[in-house]
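**Q** I'd like to ask some things about the structure below.
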Amino acid sequence: MGNDKIGNYRRGTLFVISGPSGAGKGTLRRVLFERVPGLFYSVSYTTRSPRPGETDGVDYRFVSEEEFKRMIEEGAFLEWAFVHGKYYGTNLKDIEAKLSEGYDVVLEIDVQGAQQVTRKVPGAVTIFVEPPSVEELEHRLHGRGTEGEDELSLRLRNAMDELSHAGEYQYRIVNDRVEDAAETLVKIIEQTRRSRGGMSK
């Protein structure tokens, strides 16, 4: 994965948002960007197929497994992981460039990836989004209608493992009502900026 550290950034702060599939990470992230200026969202690379309504370069950068593995060999990723039978990764150069320009960067990544990031960027702020209950999580995943039964079962098994890591994060947000959870997320970002003397672009 390259260097043990990618540097100490004086201006930009790296925010890492994790949580199981169906917890509502993407929804909260979209609300956050509507309300807080000066944030940069790092679009992850993945080998999975686009879901209905997803746009390449906006939701994810969809690449072949061959291309993803080539990028691993080239050291192109800050973090990468094999999750739900597919590869996901964060481009290192994108992050370095935006942090050095003073932007606060938001990553929406899985627990495996977050563990790699916190080892390389000690100043990263970690936030775990969780559902109010496992039953609600299962209901949300079924309601999406974007996965078959086998993939749903895999995601639910992985969700239980990811939930067991929630205590490793600096902040935990229970996403019961989106508005309340979004308000909590916004407060975390704003309070961190004030404490670190960050600035909005």
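**Q** About the Cα centre of segment 73-201, what is the dipole size in debye to 20, counting +1 per Lys and Arg Cβ and -1 per Asp and Glu Cβ, all else neutral?
**A** Values: 16 positive and 25 negative charges, 139 e Å.
With only Lys, Arg, Asp and Glu charged at Cβ, the dipole is about 660 debye.
**Q** Out of the DSSP beta bridges found with both residues in the chain, what percent are antiparallel (nearest 5)?
**A** Of the beta bridges lying entirely in the chain, close to 30 percent run antiparallel.
**Q** Which loop-located GluC sites (Glu not before Pro) does segment 73-143 contain, where loop means any DSSP state but H, G, I, E or B and the Cβ has at most 16 other Cβ atoms within 10 Å? Please list the in-between numbers first.
**A** Values: sites: Glu73, Glu74, Glu79, Glu96, Glu101, Glu108, Glu135, Glu136, Glu138; in loops: Glu74, Glu101.
Within segment 73-143, the qualifying GluC sites (Glu not before Pro) (loop, at most 16 other Cβ atoms within 10 Å) are Glu74, Glu101.
**Q** Divide by every residue of the chain the summed helix terms, -39500 (n - 2.57) for each DSSP H run of at least 4, and state the resulting mean residue ellipticity at 222 nm, rounded to the nearest 500 deg cm²/dmol.
**A** Values: 7 runs with 84 residues, N = 201.
Per the formula, -13000 deg cm²/dmol.
**Q** Would you order Lys98, Lys69, Lys93 from fewest to most other beta-carbon atoms within 10 Å of each residue's own beta-carbon?
**A** In increasing order of surrounding Cβ atoms, one gets Lys93, Lys69, Lys98.
**Q** Can you give me the orientation-averaged projected area of the convex hull built on the Cα atoms of the chain, in nm²?
**A** Convex hull of Cα atoms, orientation-averaged projection: 10.7 nm².
**Q** For Arg35 and Glu96 in the same chain, what is the full-extension length gain: residue separation times 0.36 nm, less their Cα-Cα distance, in nm?
**A** Difference between extended and current length: 19.6 nm.
**Q** To continue, here is another question. Work out how much length Glu149 to Thr55 would gain on full extension: take 0.36 nm times their residue separation and subtract the Cα-Cα distance, in nm to one decimal.
**A** 31.4 nm
**Q** About its Cα centre, how strong a charge dipole does segment 35-106 have in debye, to the nearest 20, once Lys and Arg get +1 and Asp and Glu get -1 at the Cβ?
**A** So the magnitude is around 220 debye.
No lab work stands behind these numbers, since they all come straight from the coordinates. Predicted, not measured: the structure shown is a model, and the values here were computed from it. Heads up, the Cβs are rebuilt from the backbone with ideal geometry, glycines too, and the neighbour counts pull from every protein chain shown.
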